[in-house]
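Down below is the structure, laid out as structure tokens.
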Amino acid sequence: MTRLARLTEQSLIDRIARIARPRGPRPQGLRAVLGIGDDAAVLASAGRLHTLFTTDFLTEGIHFRAAWAPGVLLGRKALAASLSDIAAMGGVPSSFVLSAGFPRRTDATYALQVARGIAAQARRFGVSLVGGDTCAARSLFLNVALLGLVEPGREVRRSGARSGDGLYVTGRLGAPAAGLQLLKAGARHGRASGARAAAIRAHLDPEPRVIAGRLLGLTGLAAAMIDLSDGLARDLPRLCAASGAGAVVEQEAIPVARSAAIVLGGRAAARAALVGGEDYELLFAARAEHHESVRRLARRIRLPMSRIGQIVPARRGVRILAGSGRYLPFEDLRAGFRHFPADA
């Protein structure tokens with residue numbers, strides 16, 4: 001018997017995918033164009049658009065602590081995680097269902113604040129809550145299943161990167177990791193100010209890059225894309241594995257959030273940007289000839305898009321060029337968010 005603790009998250013996903021592989025005639029209706037292994041599934045129908053389908057689970061004690069997270073912000077984050085997946089596919093979010101479990105001891109006011117946060121986020125991004133389920137639970141959990149739409153052939157997969165592509169990231173990294181460190185040390189939302197408040201807010205209330213993802217897909221600038229939910233050190237190897245490619249990242253080119261630099265200091269902030277996780281920025285590959293177009297898009301929507309490295313042949317692996325001039329394999333970083341102990 002193999003205990004769950006001995007499996008990595010990816011090995012568990014791979015086993016589930018093998019078990020769930022379709023056998024025999026496929027049912028009529030929505031047809032899977034892209035299944036397990038990307039930020040969202042792609043389903044084809046008789047209409048002019050493909051359907052995107054993603055789901056995200058937030059569990060107290062694993063993804064958040066209710067004592068740290070105001071209900072409104074927790075609700076916003078629950079939907080933001082799925083919105084980020086649709087953004088990474090270049091799609092438009094449309095509607096979602098919500099499943100929620102609350103311990104019987106939960107204050108009703110807190111539960112309603114969570115609902116208000118989800119509703120506010122939904123209105124902001126033009127999506128509709130169309131159903132779901134609630135139940136009593138031993139620990140608080142929220143599960144969002146979100147549908148989106150994308151033109152056939154315009155979905156941006158993880159598998160499109162090619163050697164010679166530039167590697168880019170939106171926004172700046174490291175603030176959520178800095179905010180988490182502050183929360184663990186006893187800081188609280190609403191009681192901090194300046195950079196400390198910004199870092200805590202980045203952790204509790206991430207900004208899904210829905211507009212950027214949509215435009216990167218619609219213009220064809222992103223050849224491959226993934227959202228940075230588990231950290232650059234974990235998510236870049238996933239994109240490279242899907243593309244059958246390697247990558248070299250220049251550590252000094254990684255954009256570090258100002259709040260992280262102030263809270264953590266230069267060296268620790270740089271590491272947080274590399275391995276911290278929960279940034280919910282977009283990591284994408286773009287053909288070399290599209291570099292100026294990426295820069296123009298960044299200026300147009302007023303969102304930094306920094307070139308941090310290059311896609312290389314798979315035989316060269318996924319490496320980081322450190323400030324010292326040494327190349328280090330990403331596997332040596334051994335960080336980012338870990339769902340299972342074996343992910344270390």
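The values are calculated or read from the model by the stated rules, or taken from the named source; none is laboratory data. Nothing here was measured: the structure is a model prediction, and the numbers come from that model. Please note: Cβ atoms are built from the backbone with ideal geometry, for glycine as well, and neighbour counts cover all protein chains shown. SASA here: full protein model, heavy atoms, side chains in, ligands and nucleic acids out. Shrake-Rupley method; radii C 1.70, N 1.55, O 1.52, S 1.80 Å.
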Checked against (1) modelled with pLDDT under 95; (2) surrounded by fewer than 16 Cβ atoms within 10 Å (Cβ to Cβ), F337 satisfies every condition except (2)
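Based on this model, can you work out whether E207 counts as open to solvent by 50 Å² or more (accessible area, probe 1.4 Å), in contact (Cβ under 8 Å) with a residue 40 or more places away in the chain, in contact with an Asp or Glu (Cβ under 9 Å, 6 or more places away or on another chain) and not small (G, A, S)?
Numbers: open to solvent by 50 Å² or more (accessible area, probe 1.4 Å): yes; in contact (Cβ under 8 Å) with a residue 40 or more places away in the chain: yes; in contact with an Asp or Glu (Cβ under 9 Å, 6 or more places away or on another chain): yes; not small (G, A, S): yes.
So E207 fits the description; yes.
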The lone condition A197 fails out of (1) at pLDDT below 95; (2) surrounded by fewer than 24 Cβ atoms within 10 Å (Cβ to Cβ) is (1)
The one condition in (1) open to solvent by 70 Å² or more (accessible area, probe 1.4 Å); (2) touching a Gly at 6+ places or on another chain (Cβ under 7 Å) that L98 fails to fulfil = (1)
Residue satisfying all of: in the stretch 137-151; open to solvent by 60 Å² or more (accessible area, probe 1.4 Å) and among the aliphatic types (A, V, I, L, M); nearest to the chain's Cα centre (by Cα) among these = L147
crowded, with 24+ Cβ neighbours inside 10 Å, more than 14 Å from A175 (Cα to Cα) and in contact with a Phe, Trp or Tyr (Cβ under 7 Å, 6 or more places away or on another chain) - does that describe any residue in the stretch 247-254?
-> no
Give L282, L274 a once-over and let me know the one that is at pLDDT below 95, surrounded by 22 or more Cβ atoms within 10 Å (Cβ to Cβ) and out of contact with any Cys (no Cβ under 6 Å at 6 or more places or on another chain).
-> L274
Consider A67 against the criteria (1) over 20 Å from the mean Cα position of the chain (by Cα); (2) under 26 Å from M225 (Cα atoms); (3) part of a loop (DSSP other than H, G, I, E, B): it satisfies all of them except one. Which criterion is unmet?
-> (2)
Output the number of the condition that Q181 fails; it satisfies all remaining conditions of (1) closer than 21 Å to L274 by Cα; (2) open to solvent by less than 20 Å² (accessible area, probe 1.4 Å).
-> (2)
L236 meets each of (1) within 14 Å of the chain's Cα centre (by Cα); (2) open to solvent by 40 Å² or more (accessible area, probe 1.4 Å) with one exception, condition (2)
Matching residues in the stretch 293-321 (among the small types (G, A, S) and within 17 Å of L221 (Cα to Cα)) number 4
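Does R188 qualify as being surrounded by fewer than 17 Cβ atoms within 10 Å (Cβ to Cβ) and closer than 26 Å to V150 by Cα? Break it down stepwise before answering.
Numbers: surrounded by fewer than 17 Cβ atoms within 10 Å (Cβ to Cβ): yes; closer than 26 Å to V150 by Cα: no.
In short, no.
When you go through G117, G126 one by one, which is the residue that is modelled with pLDDT of 95 or more and open to solvent by 30 Å² or more (accessible area, probe 1.4 Å)? Spell out how you get there, then give the answer.
Details: G117 fails: open to solvent by 30 Å² or more (accessible area, probe 1.4 Å).
Every option except G126 fails the conditions.
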Could you please find all residues in the stretch 161-178 being crowded, with 20+ Cβ neighbours inside 10 Å and basic (K, R)?
-> R172
Please go through the stretch 126-184 and pick out each residue that is touching a residue at least 60 places away in the same chain (Cβ under 8 Å) and of a type in the set (K, R).
-> R154, R157, R158, R162, R172
